[in-house]
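The values are calculated or read from the model by the stated rules, or taken from the named source; none is laboratory data. Computed from a prediction, not measured in an experiment: that's the story for all the values here. Note: ideal-geometry Cβ built from the backbone for every residue, glycine included; neighbour counts use all protein chains shown.
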Amino acid sequence: MKITDIKIIVSSPGRNFVTVKIFTDEGLTGIGDATLNGREKAVVAYLQDHLVPVLTGRDPQRIEDIWQYLYKGAYWRRGPVTMAAIGGIDTALWDIKAKAAGMPLYQLLGGASRERLMAYVHAQGSEIAQTVEAVARRMEEGFRAVRAQVGIPGLPAVYGTDKSATNTADLNGLPQEEVWSTPKYLRHVPKLFEALRGDLGWEVELLHDVHHRLTPIEAARLGKDLEPFRLFWLEDAVAAEHQESFRLIRQHTVTPLALGEVFNTVWDARLLIEEQLIDYIRMTTVHAGGVTPLRRIMDLAGLYNVRTACHGAMDMSPACLAANLHLGLWAPNFGIQEYSPYMPETLDVFPGAWTVSDGHLHPGEAHGHGVEIDEALAAKFPYERSYLPVNRLEDGTLWHW
Ligand code: EZ4
Ligand code: CO
């Protein structure tokens, strides 16, 4: 088999997605997600100018060799742009290989380790009562695990709670600015979980995303304060350039810790995994550089009792979710899968075999990873400039978003 053509498709059916589509001389095609929110065009240039030219004519079945060639062969390793580009190619190659083998990707990886994958969804409110109501609605929909976020008194809308106070129409796609206060946040969040347990009981699994905003000792304080409410996890407690930070947090709290949605190689997570400093690794197919490396990372994690929890926000395409679901169905150490319901126009552009029911996900039985792209429809949604927000403390200091 030979790669005859590679198309890089940029489309914005609700939000921007970068998709790699690989064509072969045997008529098989495969797709992979290469989306990097706010930096889409850098990935497109990396793919178009540097990867497509070296791949055309190669045997798409030699996935390992191609991955090594792209990773080691560039001399410049790692980084989100590089790894998202490689991730798009690698996912499309696994899609082709599984189609050629006549099986769903999870079968090629070693077969199913379970019947279905527990999902968690997001619930938000600007006030505690609203979040409690939102979590209750999610439970009624059948979800067993819900990530709860709430607005902070005295601050405009913060991450994961509500639309920002900024008038985004005036920004022409440039980043909006949010405001942050750690003391206000630390005082308020335990009250949310007290109310959730009081009103909704103990069966539901509750999660919370700190979104990288604390120092290690502040994260330790929050973890301790939340212990009575038995969280499933505390996500991204601190920015993890220092993996060692988690030694300090771990000394102080038994609240389980999840991390890794911004990681892009095993080297970002090695110490965290080997010292058992986290409980869930959040790396996801696209940003980890594809199925090839993420499978290895999952295996390494399994050796140290760290479970998988692929990042699954709606700014990664359904092709990424599908790859995560195949990996999750196989992984002996699967933990949970984030599920963020897509907009209808996104699902129209990316029709797929995966299903969600009763709070669980399944990748389906279609050959490959099971997601395709409707190119004609994709062309009707051109790229729209869009960035993630930035964050400042109340005195104007630039902070982590
Ligand atoms: O901020 O996907 O757990 N989910 C998250 C997301 C991320 C975005 C970044 O692109 O933290 O909302
Ligand atoms: Co997160």
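Listing for the model above:
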| quantity | calculated |
| --- | --- |
| Sole exception among (1) without any contact (Cβ under 8 Å) to a residue 40 or more places away in the chain; (2) in contact with a Leu (Cβ under 8 Å, 6 or more places away or on another chain); (3) crowded, with 21+ Cβ neighbours inside 10 Å for PRO190, by number | (3) |
| Filter result (within 16 Å of ligand 2 (Cβ to nearest atom) and either part of a helix (DSSP H, G or I) or in the same structural domain as LEU93 (by TED's automatic domain parsing) (or both)) within region 299-335 | CYS320, LEU321, ASN324 |
| Test: ARG77 is under 28 Å from ALA313 (Cα atoms), assigned by TED's automatic domain parsing to the domain that holds VAL286 and not in a helix (DSSP H, G or I) | no |
| Evaluation of ASP348 against (1) out of contact with any helix residue (DSSP H, G or I) (no Cβ under 7 Å at 6 or more places or on another chain); (2) closer than 22 Å to VAL121 by Cβ (one fails), failing number | (1) |
| Residue match in region 320-329 (condition: modelled with pLDDT of 95 or more and surrounded by fewer than 24 Cβ atoms within 10 Å (Cβ to Cβ)) | no |
| Any chance ALA84 is touching a strand residue (DSSP E or B) at 6+ places or on another chain (Cβ under 7 Å) and in contact (Cβ under 8 Å) with a residue 60 or more places away in the chain | no |
| Filtered residue count, region 149-174, keeping only those that are in contact with a strand residue (DSSP E or B) (Cβ under 8 Å, 6 or more places away or on another chain) and surrounded by 16 or more Cβ atoms within 10 Å (Cβ to Cβ) | 12 |
| Selection count, region 88-132, where residues are free of Cβ contacts under 8 Å to residues at least 24 places away in the same chain and crowded, with 24+ Cβ neighbours inside 10 Å | 0 |
| Scan of region 217-267 for residues that are part of a helix (DSSP H, G or I), within 19 Å of THR285 (Cβ to Cβ) and free of Cβ contacts under 8 Å to residues at least 60 places away in the same chain, ordered by number | VAL266 |
| Filter result for the condition that a residue is at pLDDT 95 or above, in contact with a strand residue (DSSP E or B) (Cβ under 8 Å, 6 or more places away or on another chain), aliphatic (A, V, I, L, M) and closer than 13 Å to GLY289 by Cα, over LEU70, LEU36 | LEU36 |
| Some residue of region 281-290 being within 22 Å of GLY38 (Cα to Cα) and away from ligand 1 (no atom under 16 Å from the Cβ) | yes |
| Pairs, first over 27 Å from LYS2 (Cα atoms) in region 37-54, second among the acidic types (Asp, Glu) and surrounded by 15 or more Cβ atoms within 10 Å (Cβ to Cβ), C-beta under 7 Å, six or more apart | ASN37/ASP315 |
| Test result for VAL146, touching a Ser or Thr at 6+ places or on another chain (Cβ under 8 Å) and closer than 21 Å to MET314 by Cβ | no |
| Checklist (1) in contact with a helix residue (DSSP H, G or I) (Cβ under 7 Å, 6 or more places away or on another chain); (2) crowded, with 20+ Cβ neighbours inside 10 Å applied to ARG295, failing item | (2) |
| Single residue of region 223-237 satisfying the filter (farther than 19 Å from VAL204 by Cβ and within 14 Å of ligand 2 (Cβ to nearest atom)) that is surrounded by the fewest Cβ atoms within 10 Å (Cβ to Cβ) | ASP236 |
| Matching residues in region 285-298 - criterion: being closer than 25 Å to VAL254 by Cα and part of a loop (DSSP other than H, G, I, E, B) | none |
